[in-house]
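The values are calculated or read from the model by the stated rules, or taken from the named source; none is laboratory data. Bear in mind the structure is a predicted one, so any value in this text is a computation, not a measurement. Note: ideal-geometry Cβ built from the backbone for every residue, glycine included; neighbour counts use all protein chains shown. All accessible areas refer to the heavy atoms of the entire protein, side chains included, with ligands and DNA or RNA removed. Shrake-Rupley method; radii C 1.70, N 1.55, O 1.52, S 1.80 Å.
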Amino acid sequence: MSEIPCRTTSDRRGGSKSSGLAPFSVGVTFFVQAVLFASWTAHIPGVEAALGLSDGTLGTALLGLPIGSVTAMALCGWLLPRLGSPWLIRISMAGYGIAGIGVGLADSPVLLFVALYFWGLMQGMVDVAMNTQAVTVEKAVGRPIMSRLHGMWSVGGFAGGLIGSGAVGLGIGLTVQLAVLGVLAVVAVEVLSRYLIRDTSDTRSRSQDAPRRSRWSVLIVLLGAVAFASMLCEGAAADWSAAYLRNELGTSAATAGLGYASFALAMVAMRLSGKGLQRRFRSTSLLPVLALIFACGMGVALILGQPVVALLGFACMGLGLGLIVPSAFSAAGRVAADANPGPSIAAVSALGWCGFVSGPPLIGHLADLIGLGNALWVLPALAVILALVVRFGRAFAEPAPPQ
């Protein structure tokens, strides 16, 4: 079944089809999904202390979340062609809000792992569903919006971190915080979901072998590998930027915290402003240049070993990575052609999350062997590989931008 035009006023399965409000609706979904998740991170030390966990036990319990997310991404490959992203957003966001309360109520490491697993499961389903809807809306409105939507996610993560920190400072417990934010997130998404657009071929009337053909094609695996490398770098920046500045360069704790801040703010700026660049340049030209800016900036920072230059290096890293994952999702939607893009996006997302989870321990183990400064050379090396793969691979091929 072909995609229903955006300007149709109603639809029994997909809801309202306003091309004007659909980008706003999916943008709110990106924002609240990030707010809800990021708001809990400030409570992690308190959870560790309240449950009497060692760092190792806490680390094992925290694995529940990424394992749940990766499980969800595999499950979404089956669900999306049957339900469509509008319905899956509604269902999974409700589950996401409810499951978060369980995280606050967990009173043992085993229950914390289980609660985080189910929370991650719902989070991962929201993630794939909203990115699938983003591809659908992007096709409908005929202009690049994916980078801006991921910018909204980054802004939501920043806002969630502030909310969590504020709640800790005010003595507001994790359960209350996640319950209140969960209700607000579910209400906002449920109200706005009427403006979401039905996906291309999201009904059972399509041949069910279409997703199987596209989910693990060579191009999808290549896009997944790009997402894996990009999110590996993101995870490494999140976990090791402060440690590098503090332990290797001898900065103060306050300055060390600016490492990830400079990375995150540069990434947000690129994602929110990248729409204009994407309309002027092909991905195969734009993304390699940005990746090389990352490689050069971070490489110079590692060579010179100066705090100010290091902060600029992490900012270059944020600029270089900002558009890669959003572009990979958009490309996955093009690879799917007239089939539902959900399975392809689920595959790319799953591989990307594997990179995000594996990046910090990879850098950590290398740091034990050769030192953190040397281990971080993996990041600019990956940037060079990303530039080559995007430039000379076929996965990001797209029509020429309008002049």
Check: Wholly within the range 284-403, which helices (runs of 4 or more DSSP H) include no fewer than the required count, namely at least 1 residues that are modelled with pLDDT under 90 and either touching a Gly at 6+ places or on another chain (Cβ under 6 Å) or open to solvent by 10 Å² or more (accessible area, probe 1.4 Å) (or both)?
Finding: 324-335, 342-370, 372-375, 378-392
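Return yes or no: is GLY59 open to solvent by 30 Å² or more (accessible area, probe 1.4 Å) and assigned by the TED database to the domain that holds ALA159? Give the derivation first.
Values: open to solvent by 30 Å² or more (accessible area, probe 1.4 Å): yes; assigned by the TED database to the domain that holds ALA159: yes.
It is true that GLY59 is open to solvent by 30 Å² or more (accessible area, probe 1.4 Å) and assigned by the TED database to the domain that holds ALA159.
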Notebook entry, point to check: From the residues in the range 14-39 that are out of contact with any Lys or Arg (no Cβ under 6 Å at 6 or more places or on another chain) and modelled with pLDDT under 50, which one is most open to solvent (accessible area, probe 1.4 Å)?
Noted result: SER18
Margin query: List the residue pairs whose Cβ atoms are under 9 Å apart, where the first residue sits in the range 143-171 and is within 12 Å of VAL35 (Cβ to Cβ) and not assigned by the TED database to the domain that holds ALA264, the second is outside any helix (DSSP H, G or I) and among the aromatic types (Phe, Trp, Tyr), and the two are 6 or more positions apart or on different chains.
Written below: GLY160/TRP40; GLY164/TRP40
